[in-house]
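Report on one structure; see the data block that follows.
The values are calculated or read from the model by the stated rules, or taken from the named source; none is laboratory data. Since we're looking at a predicted model, the values are computed, not measured. A quick note on method: Cβ atoms are made from the backbone with ideal geometry, for glycine too, and the neighbour counts reach across all protein chains shown. For accessibility, only protein heavy atoms count, side chains too; no ligands or nucleic acids. Shrake-Rupley method; radii C 1.70, N 1.55, O 1.52, S 1.80 Å.
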Amino acid sequence: MKVNRILTSLLAALLLTGALTACANGEDTPAETKDSGQSTSSVEGETELTDNLPDNLDYGGDEISIISRYQEGWTSGEIAVESLRSEPVNDAVYERNKAVEERLSVTINSIEDNNSDYSAVPNKVALAVNAGTHEYDIMAAACLTSTDQALRGIFVNLMNTEYLDLTKPWWTQGINEVLEYRNSLYLTTGSMLLSVYRFSFVTVFNQSLFTNAEQPFLYKYVEDGTWTLDKQIELVPLFHKDDGNGNQDRDGDVYGLISSNVLSIDPYWSSCKVDIVQKDADGDFTLVFDSGKLHDVAEKLIELYHHTDNAVLCLPKRTWDAEQDEIRDMFSKGYAAMATLRVLELENASVRNMEDQFGVVPMPKYNQAQDRYYTYLHDQFTVIGIPTTISGDRLEEVSAVLEAMGSASYTIVKPVYYEETLRTKIAQDPQSSEMMELVIDSIHVDAGILYNSALNGFNGSLRSIVSSGVNNTVSIYRAKDLAARKSLTNMIQKLDKVAAKQAAQGSRS
């Protein structure tokens, strides 16, 4: 396996697969309510599935170049690793790639772009496509910026490839259904990309602090359906201990919740089920945003952040989301009863080795009437696309490699990550293990988030509203409504244009 890392900026700076949660038991639901979760409670049975690739595929040692974004602790090791090193997930990725290479007689050339700019990889692919050069066979990059390039027509319609079977459980059906439009799908994700697990948001809690405060663990509230924003507001003051100076200090004070005023606000869009763009019964994108509900959510968040007697420490935005590291480290030192974190932060040794035992639960619901819990997936999770410079026999080969990587990830990487990381490293007791399954099963994606740039950052204003402590949600979003509708219409027109162009090119080939 050839691994080639591009170091830029002066050399410095999922496994969600399978059926929708709502359809896990074969039940059908309206398109606008379908989510991207997978029922992962029967991992052993799921690994028996195999792909439908012919047994005689042999590409004579061809090199398949995959460009991906490298960021240590985020997406490093998703596509390739240097060697075996007796670390289960690392070694599973290595074995997956070796199995694909030997099965298809190819060489995987992993080009990792170490770049703080999450648009760098899609932009490089766009430059290659516009120049008509064949530099990359596959792109793996952040969804947030890859969708922008999809609207510019630089990716192949994956539904028209020879060997990709996007109905298989190693491709995440819920996200596919959100990104698919009128029989065109330019980006997908699934088992071969660990960030689809790792970028999920959760609430972690310190079991020792809950015990000392004579409070039941949060599992109880999740199980009886009362883990809501109101419950979190009620709980946080119970744990607050000031060192005596009246200030919110990083050392010495204990908080009910440590969070942030930017990235940690976003999860409430999903957890409180405030949808922006969904599909109607005909499969067309439509704006479904309810400003009144968002106003009520913002009111609760403002109370949580600003009116709980300094019991919530809100950290400001840092470069590369480093405030998540700060929240993680303060939580690991016992300075918070609860914290809002991505799953990837819980893999860090500082949390796993903390003196107190911790538990994991979903983000709180909007209220008890909400039917279930929903998990927000940070929009920088990785998606894959095939550049339009790949066509004919080469496209057939690339689609075979992707399908083989997907199915091999499902049988080799997924069980290891699930058992070694989610069930062992992160889940420190049986209840947390169950909660991690619930978190992953409950991931809810919204086209209004995935196409965030095309909609001019529609969801971003909630951050500033909560940070300011002034609930002017209705007036702000009333002003954004018309622009959002125009942006959505423009986005749909771009998708139609790309589809028409690719259909015309296909008819001429």
Options LEU304, LEU263: the member that is open to solvent by less than 10 Å² (accessible area, probe 1.4 Å) and in a loop (DSSP other than H, G, I, E, B) = LEU263
Qualifying helices (runs of 4 or more DSSP H) (wholly inside the range 337-451; at least 3 residues being open to solvent by less than 10 Å² (accessible area, probe 1.4 Å)) = 343-346, 392-408, 430-441, 447-450
Quickly run through the range 132-161 and pick out the residues that are in a loop (DSSP other than H, G, I, E, B), open to solvent by 20 Å² or more (accessible area, probe 1.4 Å) and either acidic (Asp, Glu) or closer than 18 Å to PHE381 by Cα (or both).
-> GLU135
Close pairs (8 angstrom Cβ cut-off, 6 or more residues apart or separate chains): surrounded by 13 or more Cβ atoms within 10 Å (Cβ to Cβ) in the range 494-509, of a type in the set (D, E, K, R) and at pLDDT 90 or above anywhere | LYS494/ARG152; LEU495/ARG182; ASP496/ARG182; VAL498/ARG152; ALA499/ARG182
Number of positions in the range 181-198 that are within 14 Å of MET159 (Cα to Cα), part of a loop (DSSP other than H, G, I, E, B) and more than 12 Å from the chain's Cα centre (by Cα) | 5
Residues being open to solvent by 10 Å² or more (accessible area, probe 1.4 Å) and either at pLDDT below 95 or touching a strand residue (DSSP E or B) at 6+ places or on another chain (Cβ under 7 Å) (or both) - total across the range 121-131 = 2
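In the range 178-188, what residues are crowded, with 18+ Cβ neighbours inside 10 Å and more than 20 Å from ALA400 (Cα to Cα)? Show your work before the answer.
Going through the range 178-188, the residues crowded, with 18+ Cβ neighbours inside 10 Å turn out to be 178-181, 184-188.
Those that are crowded, with 18+ Cβ neighbours inside 10 Å and more than 20 Å from ALA400 (Cα to Cα): VAL178, LEU179, GLU180, TYR181.
To keep it simple, each residue is scored yes or no on (1) assigned to a strand (DSSP E or B); (2) more than 18 Å from the chain's Cα centre (by Cα); (3) crowded, with 22+ Cβ neighbours inside 10 Å.
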position	(1), (2), (3)
TYR163	no, yes, no
LEU166	no, yes, no
ILE175	no, no, yes
PHE201	yes, no, yes
GLU223	no, yes, no
THR226	no, yes, no
What tally of residues in the range 469-493 results from selecting those that are at pLDDT 95 or above, over 20 Å from PHE285 (Cα atoms) and open to solvent by 70 Å² or more (accessible area, probe 1.4 Å)?
-> 1
Residue count, the range 311-336 (criterion: β-branched (Val, Ile, Thr) and open to solvent by less than 20 Å² (accessible area, probe 1.4 Å)) | 2
Flag if GLU303 is within 19 Å of VAL236 (Cβ to Cβ) and in contact with a strand residue (DSSP E or B) (Cβ under 7 Å, 6 or more places away or on another chain) | no
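I'd like to check something: does the range 108-118 contain any residue that is in a loop (DSSP other than H, G, I, E, B), open to solvent by 10 Å² or more (accessible area, probe 1.4 Å), in contact with a Leu (Cβ under 8 Å, 6 or more places away or on another chain) and modelled with pLDDT under 95?
Checked against the condition, which is being in a loop (DSSP other than H, G, I, E, B), open to solvent by 10 Å² or more (accessible area, probe 1.4 Å), in contact with a Leu (Cβ under 8 Å, 6 or more places away or on another chain) and modelled with pLDDT under 95, the range 108-118 yields at least one hit.
Is there a residue being open to solvent by 40 Å² or more (accessible area, probe 1.4 Å) and out of contact with any Pro (no Cβ under 9 Å at 6 or more places or on another chain) anywhere in the range 228-236? Spell out how you get there, then give the answer.
Keep residues of the range 228-236 that are open to solvent by 40 Å² or more (accessible area, probe 1.4 Å), which gives 230, 234.
Cutting the leftovers down to out of contact with any Pro (no Cβ under 9 Å at 6 or more places or on another chain) gives us 234.
Within the range 228-236, one or more residues are open to solvent by 40 Å² or more (accessible area, probe 1.4 Å) and out of contact with any Pro (no Cβ under 9 Å at 6 or more places or on another chain).
Rundown of residues vs (1) over 18 Å from the mean Cα position of the chain (by Cα); (2) acidic (Asp, Glu), yes/no style:
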site: TYR118; (1), (2): no, no
site: LYS124; (1), (2): yes, no
site: ALA128; (1), (2): yes, no
site: ALA140; (1), (2): no, no
site: THR145; (1), (2): no, no
site: ASP148; (1), (2): no, yes
site: ASN157; (1), (2): yes, no
Out of (1) more than 25 Å from the chain's Cα centre (by Cα); (2) closer than 30 Å to ASN97 by Cβ, the one PRO415 does not meet is (1)
Please name all residue pairs, on different chains or six or more residues apart, with Cβ atoms under 7 Å, provided the first residue is in the range 432-449 and is closer than 28 Å to TYR186 by Cβ and the second residue is in a helix (DSSP H, G or I) and acidic (Asp, Glu).
-> none
Selection count where residues are open to solvent by 70 Å² or more (accessible area, probe 1.4 Å), in contact with a Phe, Trp or Tyr (Cβ under 9 Å, 6 or more places away or on another chain) and at pLDDT 95 or above, scope the range 48-81 | 1
